[in-house]
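**Q** Encoded as structure tokens, here's the structure I'll be asking about.
The values are calculated or read from the model by the stated rules, or taken from the named source; none is laboratory data. These numbers were taken from a predicted model, which means no experiment stands behind them. Don't worry about glycine lacking a Cβ; one is built from the backbone with ideal geometry, like all the others, and counts go over all protein chains shown. Ligands, DNA and RNA are stripped out before the accessible areas are found, and what is left, the full protein with its side chains, is counted by its heavy atoms. Shrake-Rupley method; radii C 1.70, N 1.55, O 1.52, S 1.80 Å.
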Amino acid sequence: MTEEANATHARSGYAPESGDGGTGEVDLRRVGIDPDFWYPVARSAGVPRNKVRAASFAGRRIALYRGAGGTVYALEDRCAHRQVPLSLGVVEGEVLRCCYHAWAYRGNGRISQIPYLPKGAERPPRGVRSYPVRERYGLVFVFPGAPDRAEVTPLPALPEADSARHRTMMFSRTVRCHYSFMHENLLDMNHQFLHRGVLGRIQPELLGYDTGPSFVEARYLFVPSGGRKDRGAGLLSAEGVGGASTPDVVTIRTGYPYQTLRAVPETSGTAAFSLWAAYVPEDLEQRVSRVFGLLTIAKPAFPGALTLAWPLIRRFTERVFAQDRMAVEAEQRAWDEQGEDWNQEVFPLILDVRKVLRANGVPLRPSSAVAGCPDAGVCADARGHTPR
């Protein structure tokens, strides 16, 4: 911390300890996300057949490519020869060929060909790391953790996203903040004042919440109290053409490492919409996250009504997301300037979700821990995975 910052603390009479807001706990913004889960890193449509694209997870660069047969593969994004990114390469059938010296790799990361290798000479024993890949809900998921855990770790279950009675809107946006700020933002509905120009005035009432070792689930009653609401907000909440405002029961859950929101009008037992979100760190310090979201909306009885409303709903969600992004990026900038968490949180719900995120996260490794590591698998662990 700078001398100027210390002086400011002295003047304010507040001297936070190392940790979270003076509690003495580990600073949550220094906790890494657990890699032993399935994380979306791209849209399926963004990885066309016979093409390669770059992705990342917590400082690990990944080359995604779809072979001629339609299968998506994920390799460490570096050629074992000269470390040139494989995402600059060329797909030939089911192999990926480096753009520099044309070394070719199979989907399992092993070297399949070195064009100029002398007869009788053996190929290098190591290729590059490969990651388990699955496609679901229009997204490409990779498993960046211990490979043997991939088969026993389920993908998130989203039945409504597979239902013909619902339509799903997909989001993919970069937010320059630690993933924990996003969890706090969605769970803490007391911030609705931020959205007053889009949602009108809302009085969120916390009905209660439950917490466990890996989850926090909160229930709110959203009571409209005046003000102008974006038309898309009414359509999303199933208010129909008349736009009648009724309270909604909103259930939000952080089920590590994902987050969900479900909105049910008080006069109905059926959800008007649900949201699933994953916050995927991109950089080694985990201060930049890629947000992948699936907004699933129940189709109304009138055919085509949702299609007509779709542009308005999209505009509304983009406006809300832009406001949230402004706030959480401002929080991250404050953390960067202060060098630690000065937050003085008073909401028990948020204190509990911080405990869940700490307990399920892993230590962030300094960049020096990965310098000079010759083995792809070991280096990957050094970038943030703690073997158990």
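**Q** Please give me the summed charge of the neighbours of LEU186: other residues whose Cβ is under 13 Å from its Cβ, Lys and Arg +1, Asp and Glu -1. Can you show the working numbers first?
**A** Working: positive: ARG253, ARG262, ARG325; negative: GLU184, ASP188, GLU217, ASP324.
Once positives and negatives cancel, what remains is -1.
**Q** Students often forget the sequence filter, so: which aspartates and glutamates lie under 17 Å Cα-Cα from LYS299 once same-chain residues fewer than 8 apart are removed?
**A** GLU160, ASP162, GLU239
**Q** Sticking with this structure for a sec: Counting Lys and Arg as +1 and Asp and Glu as -1, what is the net charge of the other residues whose Cβ lies under 12 Å from the Cβ of ALA150? Don't jump to the answer; show the numbers that get you there.
**A** Working: positive: ARG134, ARG149; negative: ASP36, ASP148, GLU151.
In short, -1.
**Q** Counting Lys +1, Arg +1, Asp -1, Glu -1, what net charge surrounds GLU94 among other residues with beta carbon under 13 Å of its beta carbon?
**A** Numbers: positive: ARG49, ARG66, ARG97, ARG106, ARG110; negative: GLU92.
Net charge in that neighbourhood comes out at +4.
**Q** With unit charges on the beta carbons (Lys and Arg positive, Asp and Glu negative) and the dipole taken about the Cα centre of the stretch 113-168, which residue among TYR131, PRO156, TYR116 sits farthest to the positive side?
**A** Result: TYR116.
**Q** About its Cα centre, how strong a charge dipole does the stretch 139-197 have in debye, to the nearest 20, once Lys and Arg get +1 and Asp and Glu get -1 at the Cβ?
**A** Charge dipole of the stretch 139-197: 340 debye, to the nearest 20.
**Q** Might you report the magnitude of the Cβ-based charge dipole of the stretch 58-115 about its Cα centre, with Lys and Arg at +1 and Asp and Glu at -1, to the nearest 20 debye?
**A** Numbers: 8 positive and 4 negative charges, 29 e Å.
In debye, rounded to 20, the stretch 58-115 gives about 140.
**Q** What is the packing order of peptides 212-224, 252-264, 159-171, taking the mean over residues of other C-beta atoms within 10 Å and listing the highest first?
**A** On the way: 212-224: 17.2, 252-264: 20.1, 159-171: 14.4.
Highest mean packing first, the order is 252-264, 212-224, 159-171.
**Q** What FRET efficiency, computed as 1/(1 + (r/R0)^6) with R0 = 45 Å and r the Cβ-Cβ distance, is obtained for LEU306 and THR153, rounded to the nearest 0.05? Walk me through the numbers before you get to the answer.
**A** Working: r = 34 Å, r/R0 = 0.75.
Efficiency at R0 = 45 Å is approximately 0.85.
**Q** Using per-residue counts of other Cβ atoms within 10 Å, averaged over each peptide, order 68-80, 110-122 from highest down. Don't skip to the answer; put the middle values down first.
**A** Working: 68-80: 19.2, 110-122: 10.9.
Highest to lowest by the protection proxy: 68-80, 110-122.
**Q** Given a Förster distance of 22 angstrom, what is the FRET efficiency for THR270 paired with VAL223, based on the Cβ-Cβ distance and rounded to 0.05?
**A** Values: r = 20 Å, r/R0 = 0.90.
For THR270 and VAL223, the calculated efficiency is 0.65.
**Q** For ILE202, tell me the accessible area in Å² from a 1.4 Å probe, rounded to the nearest 10.
**A** Roll a 1.4 Å probe over it and ILE202 shows about 40 Å².
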